[in-house]
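The structure under discussion appears below in the form of structure tokens.
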Amino acid sequence: MSKARPVEEPLAETLSAAPFVRVAAASDGDSLAAAGLLARACAGTDTPFQLRLDDAPNTEDAVTVTIGPTAVDGDATLDRPASPTAFELARRLGTGPDPILALAGTIAAGETVESADAALDAARDSALIDRQPGLALPTEDVPTGLAASTLLHGPFSGDEDAAAALVAELDAGGEAHAAGDDDGSGGAFDRRLASLVAVDTVAAEGAAERAATQVERALRPYVTPDAPFRTLGGCADVLDAVARTAPAAGIPLALGEGSDDTTDAALAAWRKYGAAVHGGLRSATTRRHHGVWLLDIEDADPAVLPAVARLALAFRSPEPVALAVTDGAAAAAGESGIESAVTTATSAVDGTGHGTETTGWARFDSDTEQFTDAFREAL
């Protein structure tokens, strides 16, 4: 029996012959990274392309590739995590894809870099990454990075003063260290900082049991000395922020059109996003139902709800599913069955929704209680 061809091979053949390629990506970090990899491959093969987040329409004269959960009907779809597949696809098109972007997208999808083995091997072979102690931040400014990071949620999250106090606690002289600084003992400061952050996160009031494992995403980062952001995890965090709230900064970043202005705009969007996410998680009115922990956030930006639900599940929820809602919008995170529950619930209230097995988002005109009841029933 002949071995089935990987999905990248026939799609590469289709794209190489396409007169025009439209890339329609969902508004999340993995989809944005994968879209950037495909768009760069098209540019490398002189194929005209258009990249849009979430709402790119299909046309008869184009091959449309959809990435992640979108409302767009495509000729081909890359499911989550999409970045490793996009990396392989770009290789089959004969271009040299960026392994840093592929790995960061993989982390943004909630996966480990080992699941993107081809990109990981390429990054290691070119000495583009180095595993070090410390925290997965995009910048060397530790207090700012720690406060804004959405890879974890602790007492310092969303509060630069609290983050600065934590850093100062490790420095007898009160002078803040930058990420990556060595105090003469082989990264001892970074190790102590990471340990203290982990302890404070796990021991925080209201912390869920799963926080002990989820905080590991932010620890022992892969440092990326030649990339715009300091670590792979930090880059993933920025990609998710700009994909959801600042596509004008995110698309140039994914396309490799980076400049100091692009990087600065992305970091500014990430800091604002992080503050809104952690603020929403703290201000939410919570209710515990059987199987669902509900977070009702008044006047929240719907774009932050997926991260609120994700962090709530990882660090606060006593139930296996977290549902974050505001007027007309919701996002959910759980271990399984989320896409089905979201689409069933939105159908029941005449809304729209998309998702994956573990995440989902919804828009609706009904009140939040109606949607919440429909979601719980669908689970």
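Key figures for this structure:
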{"read-out": "Subset of the stretch 301-336 [under 23 Å from residue 367 (Cα atoms) and at pLDDT below 95]", "value": "none"}
{"read-out": "Within the stretch 12-122, helices (runs of 4 or more DSSP H) holding 1 or more residues that are among the charged types (D, E, K, R) and at negative phi", "value": "29-44, 83-92"}
{"read-out": "Filter result for the condition that a residue is at pLDDT 95 or above, polar (S, T, N, Q) and more than 19 Å from the chain's Cα centre (by Cα), over 126, 157", "value": "126"}
{"read-out": "Test: residue 292 is of a type outside the set (S, T, N, Q) and either in contact with a Cys (Cβ under 7 Å, 6 or more places away or on another chain) or surrounded by 24 or more Cβ atoms within 10 Å (Cβ to Cβ) (or both)", "value": "no"}
{"read-out": "Within the stretch 163-191, tally of residues that are at pLDDT 85 or above and either within 23 Å of residue 108 (Cα to Cα) or surrounded by 17 or more Cβ atoms within 10 Å (Cβ to Cβ) (or both)", "value": "6"}
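The rows are residues; the columns are (1) of a type outside the set (Phe, Trp, Tyr); (2) touching a Cys at 6+ places or on another chain (Cβ under 8 Å); (3) surrounded by 20 or more Cβ atoms within 10 Å (Cβ to Cβ); (4) free of Cβ contacts under 8 Å to residues at least 60 places away in the same chain.
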{"residue": "231", "(1), (2), (3), (4)": "yes, no, yes, no"}
{"residue": "238", "(1), (2), (3), (4)": "yes, no, yes, no"}
{"residue": "270", "(1), (2), (3), (4)": "no, no, yes, no"}
{"residue": "275", "(1), (2), (3), (4)": "yes, no, no, no"}
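The values are calculated or read from the model by the stated rules, or taken from the named source; none is laboratory data. What you are looking at is a predicted structure, and each value in this text was computed from that prediction instead of being measured. Cβ atoms come from the backbone with ideal geometry, glycine included; neighbour counts cover every protein chain shown.
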